[in-house]
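Step one of this worksheet: look at the structure below.
The values are calculated or read from the model by the stated rules, or taken from the named source; none is laboratory data. As the structure is a computational prediction, the values presented were derived from the model and not from experiment. Here the Cβ positions follow ideal geometry from the backbone for every residue, glycine too, while neighbour counts run over all protein chains shown. Heads up: the accessible areas ignore ligands, DNA and RNA and are worked out on the full protein's heavy atoms, side chains in. Shrake-Rupley method; radii C 1.70, N 1.55, O 1.52, S 1.80 Å.
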Amino acid sequence: DRCKRTLFIRNLPDISDYTREKEISFESPISISMIGGITKERGVTQLVKAAGKSGATLNLAGNFIPKSYEDELKQLPEYKNVNYCGFLDKKGMVSLLEGTSIGASTLLNIGQYDKIDTFPTKVYDYMAMKLPVIISNTNFAKEMNSKYNFAICVDPNNVDEIAQAVQWIKDHPQEAAKMGKNGRKIIENEWNWEKESL
């Protein structure tokens, strides 16, 4: 028998896990965090180069896949801007994001990444921590961002565009903070596990 009904359940955050004690600083040196599997497909090479170009610190948290990708990234001169945090549990992730200015999810538009009508799990984590997000310009992301204004959508292959997004956030701290608050509001009102699990 074929399945007659499919239920799509998103992996959304439990709001109670995410509390921010202090306001986000957009002063230099600004910090970006990218959490999750560290792979070429997730646009990490371009993100490392963009961090170097914009003078930002890039916190990478997760495992390198494959392990040899770490050596490849270390060959880049911009890798000096990377702070590798290893694999973090939920508490460690929240602590890292507490000291971060921007959440990044610049997955390359390949495979399933640009076709699904949801975000990578970590985008919801960034939003829950009131971070403005730099995100790949998928149709879904552009549609949601025009509705809620919580992110800057970029071409994930374009290093200059990512660096310009970082610079814009540095130059517009009040607007960036408002984007972060918009994101948190959506998580509280709509995109959270309490509502998804009903």
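Label zone of D117 (point 7 Å out along Cα→Cβ, amide N under 18 Å): in segment 147-164 this covers 147-148. Counting only protein heavy atoms and using a 1.4 Å probe, what share of the accessible area of the chain belongs to carbon plus sulfur, as a whole percent? The computed percentage sits at 49. Protection proxy ranking, highest mean first, for peptides 120-131, 148-159: 120-131, 148-159, where packing is the per-residue count of other beta-carbon atoms within 10 Å, averaged.
Send over a whole-number figure in Å² for the accessible area per residue of the chain, probe 1.4 Å. Numbers along the way, then the final one.
Numbers: 10300 Å² over 198 residues.
Averaged over the residues of the chain, the accessible area is 52 Å².
Considering Cα pairs under 8 angstrom that are at least six residues apart, work out the relative contact order of the chain and quote it in whole percent. If you can, show how the numbers build up before the last one.
Working: 347 pairs, mean separation 52.8, N = 198.
Computed value for the chain: 27 percent relative contact order.
Only helices enter the 222 nm calculation for the chain: every DSSP H run of n ≥ 4 contributes -39,500 (n - 2.57), and dividing by all residues gives -11500 deg cm²/dmol, rounded to 500.
Under 8 Å for C-alpha pairs, at least 6 residues apart: give me the relative contact order for segment 41-93, rounded to a whole percent. Numbers along the way, then the final one.
Values: 48 pairs, mean separation 24.1, N = 53.
Relative contact order for segment 41-93 comes out at 45 percent.
The Cα-based radius of gyration of segment 64-125, divided by its Kirkwood radius, gives an Rg/Rh of 0.99.
With the convex hull drawn around the C-alpha atoms of segment 50-198, the volume per residue stands at 124 Å³. When the listed pairs K80/K170; K122/K185; K122/K178; K80/K185 are checked against a 24 Å cut-off, the alpha-carbon distance exceeds it for K80/K185.
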